[in-house]
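The values are calculated or read from the model by the stated rules, or taken from the named source; none is laboratory data. Being a predicted model, the structure only gives us computed values, none of them experimental. Because the Cβ atoms are built from the backbone with ideal geometry, glycine has one as well, and the counts that use them run over all protein chains shown. When the accessible area is computed, the model is the full protein with side chains, heavy atoms only, and any ligands, DNA or RNA have been set aside. Shrake-Rupley method; radii C 1.70, N 1.55, O 1.52, S 1.80 Å.
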Amino acid sequence: MAMAEKHNHIDNKEIQPLLVFGPPLIFPTFEARNFHKYRFLKAFSSQLPLHQFLTEQNVDPSSIQAILCSPSQQVSTDVIQLLPSLCVIVTSSAGTDHIDLVECSHHGIQVVSVPGDQAKDVADMAVGLLIDVLWKISAADRHVRKWGPSMHRNLSFGSKVLLILLIYMHVLFMLCFVFQLKGKRVGIVGLGKIGKEVAKRLEPFGCRIMYHSRNQKPFISYPFYSKVVELAGNSDVLVLCCPLNEQSRHLINREVMLALGKDGAIVNVGRGALIDEKELVRCLMEDEIRGAGLDVFENEPNVPNELFPLDNVVLSPHAASLTSDGFTEVCELAAEALELFFSSKLPSIRLLDG
Ligand SMILES: O=CC(=O)O
């Protein structure tokens, strides 16, 4: 169906069905604020395949024109093909790798990304993870929690002294393996909005910034490496901030990790599949690299079991863009994008595709 035809039959006063995938974390707020405008079809809360879910809801697939989603659920070819009137997909994320963009462009479906100002939050998290990996803050926290008062309540004086000595030896041992941030050579992979914010934060720490991206950026003075393996060979830390696509999948492979070396650390706030995760686990277990701070994983919500006991890894639940401060903005932007669409003005806002 041509785009114009798709738009023409919309009656703006009707309560529109809105298919929700993901769901974006903003969804409860979005729902509370917009309950009178949409009939929310919460596909995320059903185990059924989409066509059965719609049948169960008594909804004709051809009545659905819009989807609201987040990266935690795929908007796949099958989903798109099931919905002949689909015109717009609004995602709360900066990344769009959970959406089949090729299929969208075949069908003239517009993909609108409304991450708001999340780049700054993601950059904060990247720096937080990096400091944690270098200083082993989370590992130390786990360690201190084991001290608990009950541990030495019933011990004799001699045993207490021995225990305290052991604790301090352990702390000393841990501290021998923590490192300063100052002076580190930081290779940023993907110098877009997030990458630039990361650089801006790390410069005052005395870090030396360099980067890899598809093309060298004009007006940027940081050293550029066209090959990520060369960037790794010249860095102490890699911070991954680029989008996931066919070119960037497993960009960080074993060769890159070995080039980074035993003193090197990786922080990933992009997408899990930027790294060959099996190789990452191997490198971490065999101390081929010093550590990793991971906000994202290759098969979320699954995290490789081998990572759990490791003290050289900091794990975070894909939370880098989820500050409560950012929620309201993303919620408003999503509402605005859908309103623009349903009042047929969507082409005036920035489109990622189509
Ligand atoms: O993962 C979060 C985003 O892509 O914004």
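Can you name every residue in segment 210-224 that is under 17 Å from Gly270 (Cβ atoms) and either in contact with a Cys (Cβ under 6 Å, 6 or more places away or on another chain) or aromatic (Phe, Trp, Tyr) (or both)?
Tyr211
Specify which of the listed residues (Ile167, Ile194) is in contact with a Phe, Trp or Tyr (Cβ under 9 Å, 6 or more places away or on another chain) and either among the β-branched types (Val, Ile, Thr) or open to solvent by less than 90 Å² (accessible area, probe 1.4 Å) (or both).
Ile167
Yes/no per residue for (1) aromatic (Phe, Trp, Tyr); (2) farther than 28 Å from Ser324 by Cα:
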site	(1), (2)
Tyr38	yes, no
His51	no, yes
Leu54	no, yes
Gln57	no, yes
Ser62	no, yes
Ser70	no, no
Gln74	no, no
Ser85	no, yes
Val102	no, yes
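Within segment 137-160, can one find any residue that is in contact with a strand residue (DSSP E or B) (Cβ under 9 Å, 6 or more places away or on another chain) and either of a type in the set (Ser, Thr, Tyr) or open to solvent by 10 Å² or more (accessible area, probe 1.4 Å) (or both)?
yes
Looking only at residues in segment 170-191 that are touching a Lys or Arg at 6+ places or on another chain (Cβ under 8 Å) and open to solvent by less than 30 Å² (accessible area, probe 1.4 Å), which one is farthest from Leu231 (Cα to Cα)?
Ranking the qualifying residues of segment 170-191, first place goes to Met174.
Say whether the condition of being open to solvent by 20 Å² or more (accessible area, probe 1.4 Å), of a type in the set (Ser, Thr, Tyr) and within 30 Å of Glu31 (Cβ to Cβ) is met by at least one residue in segment 220-229.
So far as segment 220-229 goes, no, none of its residues is open to solvent by 20 Å² or more (accessible area, probe 1.4 Å), of a type in the set (Ser, Thr, Tyr) and within 30 Å of Glu31 (Cβ to Cβ).
Within segment 96-107, how many residues turn out to be within 16 Å of the ligand (Cβ to nearest atom) and either under 14 Å from the mean Cα position of the chain (by Cα) or of a type in the set (Val, Ile, Thr) (or both)?
Number of matching residues: 4.
Being within 30 Å of Leu191 (Cβ to Cβ) and open to solvent by 50 Å² or more (accessible area, probe 1.4 Å): is that true of Ser113 here?
Against the criterion (within 30 Å of Leu191 (Cβ to Cβ) and open to solvent by 50 Å² or more (accessible area, probe 1.4 Å)), Ser113 does not qualify.
Can you find even one residue in segment 31-54 that is outside any loop (DSSP other than H, G, I, E, B), surrounded by 20 or more Cβ atoms within 10 Å (Cβ to Cβ) and either within 16 Å of the ligand (Cβ to nearest atom) or among the hydroxyl-bearing types (Ser, Thr, Tyr) (or both)? Outline the logic, then answer.
We begin by selecting, within segment 31-54, every residue outside any loop (DSSP other than H, G, I, E, B); these are 31-34, 38-45, 50-54.
Adding the requirement that they be surrounded by 20 or more Cβ atoms within 10 Å (Cβ to Cβ) leaves 38, 41, 43, 54.
Then keep just the ones that are either within 16 Å of the ligand (Cβ to nearest atom) or among the hydroxyl-bearing types (Ser, Thr, Tyr) (or both); that gives 38.
Within segment 31-54 (the criterion being outside any loop (DSSP other than H, G, I, E, B), surrounded by 20 or more Cβ atoms within 10 Å (Cβ to Cβ) and either within 16 Å of the ligand (Cβ to nearest atom) or among the hydroxyl-bearing types (Ser, Thr, Tyr) (or both)), the answer is yes, since at least one residue qualifies.
Answer yes or no: is there a residue in segment 80-95 that is within 16 Å of the ligand (Cβ to nearest atom) and more than 15 Å from Val20 (Cα to Cα).
Yes, segment 80-95 contains a residue that is within 16 Å of the ligand (Cβ to nearest atom) and more than 15 Å from Val20 (Cα to Cα).
For segment 144-245, which helices (runs of 4 or more DSSP H) that fit wholly inside it have 3 or more residues that are under 29 Å from Asp117 (Cβ atoms) and among the charged types (D, E, K, R)?
193-202
Would you please name the residue that is farthest from the ligand (Cβ to nearest atom), looking only at residues in segment 317-342 that are under 18 Å from the mean Cα position of the chain (by Cα) and among the small types (Gly, Ala, Ser)?
Checking each candidate, the answer is Ser324.
Among the residues of segment 248-284, count how many are open to solvent by less than 40 Å² (accessible area, probe 1.4 Å), not aliphatic (A, V, I, L, M) and not in a helix (DSSP H, G or I).
7
Out of the residues in segment 292-347 that are touching a strand residue (DSSP E or B) at 6+ places or on another chain (Cβ under 6 Å) and of a type in the set (Val, Ile, Thr), which is surrounded by the fewest Cβ atoms within 10 Å (Cβ to Cβ)?
Val296
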